[in-house]
Each structure stands twice: as structure tokens, then as C-alpha cells.
Amino acid sequence: MYYRVRPRKRWREFLALLNALCARWPGEKLYVVLDNFSPHKHPNVRAWAAANDVELIFLPTYGSWLNWIESEFAALRYFALNGTDRRNHGEQNAAIAAYVRWHNSHAEPKTNFAPDSPIRTWTDYPTKAA
């Protein structure tokens, strides 16, 4: 899990995150699953993604349950934020960072999620022509 805490959530900050992800996995095609938050769809973000081999995958409205990361957010809220009274954003960010470090040290790769699920037969995902 990789994260960034920023005071603002504009397209510029999102683009900086995408740049950091590309630097973390140089030469790899990245697939980024997103909600429909307007900074994710900014024309500059879309143009940058097209030029840098990053595919932006937008979930349907009210379809956040389709995104694996949502379960991670629930765990983060439960273990790092619920029932706390942090005095400032720095303390809250430190708690989030501690949880992410713990999570990453215990993480195992997710592969072939629900291989026998009937949902795989409901949708025919087109393959991209080379």
C-alpha cells in the first residue's frame, strides 16, 4: 500500500501522486483504479496518463465496493482512526503512517481475486489491440 497525505486534493496533487507511482515502478504500465472525483478526470491528468502509459480506470458511480482498496480503507479507519482524539493533523498522519508500515510488513500479494466467481462470466472485458 502506498499513500500520500496532502492538505489539498486538486488535480495538481493527484498528478504529483501519479508521478511518484511512475517513479516507484519505472518502465511498468500502471493501472490506477479511481472514483469519479473531478480532479481524477482533469484534462491535464488524462493527457499526462495517456503520454506516460498509465491507464485510469474509473469505477461506476456508487461502485466503490468494486475497488479492493476500499476494504483497506475500512481497516485503516478501524485500526488507526476510530475512537481516537488526535490533537492535530501531524498526529493523525503519524497514526496512518504507522498502520501502513505495519500493513505492508504483513502484506501478501493479491492474485487472481475470486477465480471461480460467477461475476467473471457476466462481463466480457475487451482486450486492447497492440
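General observations
- Per-residue 3J(HN,Hα) values for the stretch 50-64, derived from phi via the Karplus relation 6.51 cos²θ - 1.76 cosθ + 1.60 with θ = phi - 60°, read 4, 7, 10, 6, 10, 9, 8, 10, 8, 6, x, 4, 6, x, 4 Hz in sequence order (x marks Gly and Pro).
- For the pair GLN92 and SER64, a Förster radius of 30 Å applied to the C-beta separation gives a FRET efficiency near 0.85, rounded to the nearest 0.05.
- For LEU34, nonlocal amide neighbours, meaning residues 5 or more places apart or on other chains whose placed amide H falls under 5 Å from its own, are ILE57, PHE58, LEU59.
- Of the chymotrypsin sites (Phe, Trp or Tyr not before Pro) in the stretch 16-97, those whose Cβ has at most 15 other Cβ within 10 Å and which sit in DSSP loop: PHE37, TYR62, TRP68
- Full-stretch length increase - ASN19, ASN104 - with 0.36 nm per residue and alpha-carbon distance subtracted: 28.5 nm
- Selection from ALA51, ALA80, GLY90 lying farthest towards where the dipole of the stretch 37-91 points positive, charges on Cβ: GLY90
- For PRO43, neighbours were defined as the other residues whose beta-carbon sits under 15 Å from its Cβ, and their charges (Lys and Arg +1, Asp and Glu -1) total +4.
Coordinate-derived values only; no laboratory data. This structure is a prediction, so every number in the text was calculated from the model and none was measured. Positions of Cβ are generated from backbone atoms using ideal geometry, with glycine treated the same way; all protein chains shown enter the neighbour counts.
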